[in-house]
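Since the structure comes first, as structure tokens, the remarks are kept for the end.
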Amino acid sequence: MYGPPPPPPRPQRPASPTSPWLWGCLGCGGLAVLLVVVGVAGWLLYARSTGPHLPPGGAAAPGDGAAEEAQATVTVEATATEFVPSDSAKPGVDYTAVQVTITNTGDEPVNVTPHFFTITDDAGTEHETATALGAPEGELETADIEAGESATGVIAAEGGFLPLSVTFDDLSGAPVTADVQ
């Protein structure tokens, strides 16, 4: 009659590694990965080179900036306070607030910012104050506190909890913790 049926169509092959389109995509992705790796490595080398420079013995030399920073100390006083929202507070979010007074008892200025604080609750959970930046009215202002000077302001964290202590850690020395009164 009409003859045998035609053969079935050939199955299509997936793109092979020799396909110029596949190599083009891998080339762009590979380039992106390479740029990220080089960027991170460069940042690490920069961060390492700008850190404290210590002599081979490991001790800071007299007059070295690292030794002076290590001598800068602070005291912290903390009092539980009612959270009063600023215009930047997120509506519908509970906050816990603590009023802190930080005093520079060292010889060098100390940088203070709400980022440097954590609030620990009665269950031992640490709450980052960075989640509530700008939320409390009367927030502790970022400043350099000179030797013998103090700064007072409110820090806050998201969530309703009972604050037991606050910790100040500017990464230049040992963290300072104070019980909340």
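Read-outs throughout are calculated quantities, based only on the coordinates presented, and are distinct from any laboratory measurement. Treat the numbers as computed from the prediction; the structure is a model and nothing was measured. Heads up, the Cβs are rebuilt from the backbone with ideal geometry, glycines too, and the neighbour counts pull from every protein chain shown.
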Approximate spin-label separation Ala41-Thr73, in nm, with each point projected 7 Å along Cα-to-Cβ: 4.4
Relative contact order of region 64-154, pairs being alpha-carbon contacts under 8 Å that are 6 or more residues apart, as %: 35
Chain lengthening between Thr101 and Thr113 when straightened (0.36 nm per residue, less Cα-Cα): 3.1 nm
Residues in region 82-97 reached by a label modelled at Leu162 [backbone nitrogen below 17 Å; 7 Å Cα→Cβ]: 82, 96-97
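About the Cα centre of region 66-179, what is the dipole size in debye to 20, counting +1 per Lys and Arg Cβ and -1 per Asp and Glu Cβ, all else neutral? Mind dumping the intermediate values first?
On the way: 1 positive and 22 negative charges, 55 e Å.
Computed about the Cα centre, the dipole is about 260 debye.
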Rounded if a/c under 1.5, otherwise prolate or oblate - region 66-179, Cα gyration tensor axes: prolate
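Provide the gained length on full extension for the span Asp122 to Ser150, in nm with one decimal, where the gain is 0.36 nm per separating residue minus the Cα-Cα distance. Let's see the in-between values first.
Numbers: separation 28, 0.36 × 28 = 10.08 nm, distance 2.75 nm.
Answer, rounded to one decimal: 7.3 nm.
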